[in-house]
């Protein structure tokens, strides 16, 4: 009897395939969850995250939900809609920001990227509507009249402080160092007992993250990359970073109260799922979270000789002074 039933099942599948009919999996198979990936372990027993990773192909993925998907959520989108977003990635990257204030790189700059492999149409996964939460009343007053710092904006350039820290070869901070830009979106993770070190290709900063439960530094000690503290939550590395400087707190958050909580989970031999939750009760009405994958990359971390023969900052300021003299 079992043999006859098996033969009948096989025949049904063959006929359905020949006729182009859909074949439904049995309910027991559908309800069985896929086995969770079990990452390798270090010699001392921690989940092994080590390697070189990149998220270059997420370049030009907007932070917030694009206007064309107003009222939609990530889990509401169809595969066709996501494919359409991916197909337009190069065009969006070249055009730059949607408001036209900043122009993106020329097309040749993007040839090394495979933007069609972008994994999601926007980065914010919480709130579900994909938008940065509203500013607090305090933040609205504090940020009033504040303008972006970038050489792409067009000035005024009265001093070095009028340009961003990346353009000045200082820092991209956190989570900025994890968010892709035009190049240098590679990261190397190294582990030792009680510590994890993440080295970023761009600006070549290294975060030394202790895992021994020590308290954060006192409020008087601040750094552009903040003060990180890590712990394991099962197979997930949780890194909480505080003590930012006023110049490095993401999106002009309050350095005194800004906190970033990152989660690194190795979900496949070549993939880490990364999220970052931004929390600042003085700036936003609620915490919010971005997410993207880190994919293993066979290439080594390259040197980032930003200061070596870099005359960009001096030239920008000298050109601005020349314009002043001609007024």
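Just grab the label-to-label distance for residue 311 and residue 199, each label 7 Å out from Cα along the Cβ direction, in nm (one decimal).
Each label point is offset 7 Å from its Cα along the Cβ direction, giving 3.1 nm.
How much length, in nm to one decimal, is gained on full extension between residue 80 and residue 153, taken as 0.36 nm per residue of separation minus their Cα-Cα distance? Numbers along the way, then the final one.
Numbers: separation 73, 0.36 × 73 = 26.28 nm, distance 3.52 nm.
Using 0.36 nm per residue and subtracting the Cα-Cα distance, I get 22.8 nm.
What distance in nm separates the two pseudo spin-label positions at residue 325 and residue 270, each 7 Å out from Cα along the beta-carbon direction?
Label at residue 325, label at residue 270, 5.6 nm between them.
Along its three principal axes, how long is segment 222-311 when you only count alpha carbons? Whole Å, largest extent first please.
Each principal axis gives a Cα extent; for segment 222-311 these are 46, 41, 20 Å.
Restricting to segment 205-253, what percent of DSSP beta bridges are antiparallel, rounded to 5?
Bridges in segment 205-253 are about 90 percent antiparallel.
Take each of the peptides 184-190, 136-142, 321-327, average the number of other beta-carbon atoms within 10 Å over its residues, and list them starting from the highest.
By packing density, highest mean first, the sequence is 184-190, 136-142, 321-327.
Run the simple label-point estimate for residue 72 and residue 285 please: 7 Å along Cα→C-beta, distance reported in nm.
2.5 nm
Find how much the distance from residue 302 to residue 261 grows on full extension, using 0.36 nm per residue of separation minus their present alpha carbon separation; answer in nm with one decimal.
Extra length from residue 302 to residue 261 when fully extended: 12.0 nm.
Would you please classify the overall shape of segment 187-227 from the alpha carbon gyration tensor, given that a ≥ b ≥ c denote the square roots of the eigenvalues, rounded means a/c under 1.5, and beyond that prolate means a/b larger than b/c while oblate covers the rest?
Note, shape of segment 187-227 comes out oblate.
With all pairs of different alpha carbon atoms counted, what Kirkwood hydrodynamic radius in Å does segment 133-227 show?
Value: 16.1 Å, from the Cα pair sum.
Each reported figure results from applying straightforward, stated rules to the coordinates on display, with no laboratory input. In this text, all values refer to a predicted model and were calculated from it rather than measured experimentally. Glycine also receives a Cβ, built like all others from the backbone with ideal geometry; neighbour counts cover every protein chain displayed.
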